[in-house]
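J.: I'd like to ask some things about the structure below.
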């Protein structure tokens, strides 16, 4: 069951700058100019329900188990299309707007990549 689905519409010039820190930033169409170059811009869509550990985050066919969810992830995703995704396997959310997933190879993301969260 899909909880959330979107498509990458644009990639900021410095969006992969945080790759060495195992994180990436998503932002909807209205990313502020000061952040736009550091984000993967996504189509704005609402999530269907609460996002919880144990669900799966997908970038096309690349799967990542969600290990922790910051308290503001759903609201920020629904209102702004804006969250940070950290690929470190943390089981406790350290930042409210961050989604934590298992530590695996950084995803391949291009314009048109489908991002989804499934139960």
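J.: Within the stretch 60-68, can one find any residue that is assigned to a loop (DSSP other than H, G, I, E, B), under 21 Å from residue 119 (Cα atoms), touching a strand residue (DSSP E or B) at 6+ places or on another chain (Cβ under 7 Å) and without any contact (Cβ under 8 Å) to a residue 24 or more places away in the chain? Write out each step before concluding.
T.: Filtering the stretch 60-68 down to residues assigned to a loop (DSSP other than H, G, I, E, B) leaves 60-61.
With the extra rule that they be under 21 Å from residue 119 (Cα atoms), the set shrinks to 60-61.
Applying the additional criterion that residues be touching a strand residue (DSSP E or B) at 6+ places or on another chain (Cβ under 7 Å) yields 60.
Now narrow it down to the ones that are without any contact (Cβ under 8 Å) to a residue 24 or more places away in the chain: none.
Scanning the stretch 60-68, I find no residue that is assigned to a loop (DSSP other than H, G, I, E, B), under 21 Å from residue 119 (Cα atoms), touching a strand residue (DSSP E or B) at 6+ places or on another chain (Cβ under 7 Å) and without any contact (Cβ under 8 Å) to a residue 24 or more places away in the chain, so the answer is no.
J.: Hey, can you tell me all the residues within the stretch 99-119 that are farther than 23 Å from residue 13 by Cβ and either in contact (Cβ under 8 Å) with a residue 40 or more places away in the chain or not in a loop (DSSP other than H, G, I, E, B) (or both)? If you could, list the steps in order and put the result at the bottom.
T.: Here is the first cut: in the stretch 99-119, the ones farther than 23 Å from residue 13 by Cβ are 99-104, 116-119.
Scanning the stretch 99-119 gives 99, 100, 101, 103, 104, 116, 117, 118, 119.
J.: While we're looking at this one, here's another question. Which one of these is in a strand (DSSP E or B), at pLDDT 95 or above and touching a helix residue (DSSP H, G or I) at 6+ places or on another chain (Cβ under 9 Å): 25, 51? Working first, answer last.
T.: Numbers: 51 fails: in a strand (DSSP E or B).
Going through 25, 51 in turn, the sole match is 25.
J.: Could you please give the count of residues in the stretch 79-98 that are surrounded by 16 or more Cβ atoms within 10 Å (Cβ to Cβ) and part of a helix (DSSP H, G or I)?
T.: 1
The values are calculated or read from the model by the stated rules, or taken from the named source; none is laboratory data. Since we're looking at a predicted model, the values are computed, not measured. Heads up, the Cβs are rebuilt from the backbone with ideal geometry, glycines too, and the neighbour counts pull from every protein chain shown.
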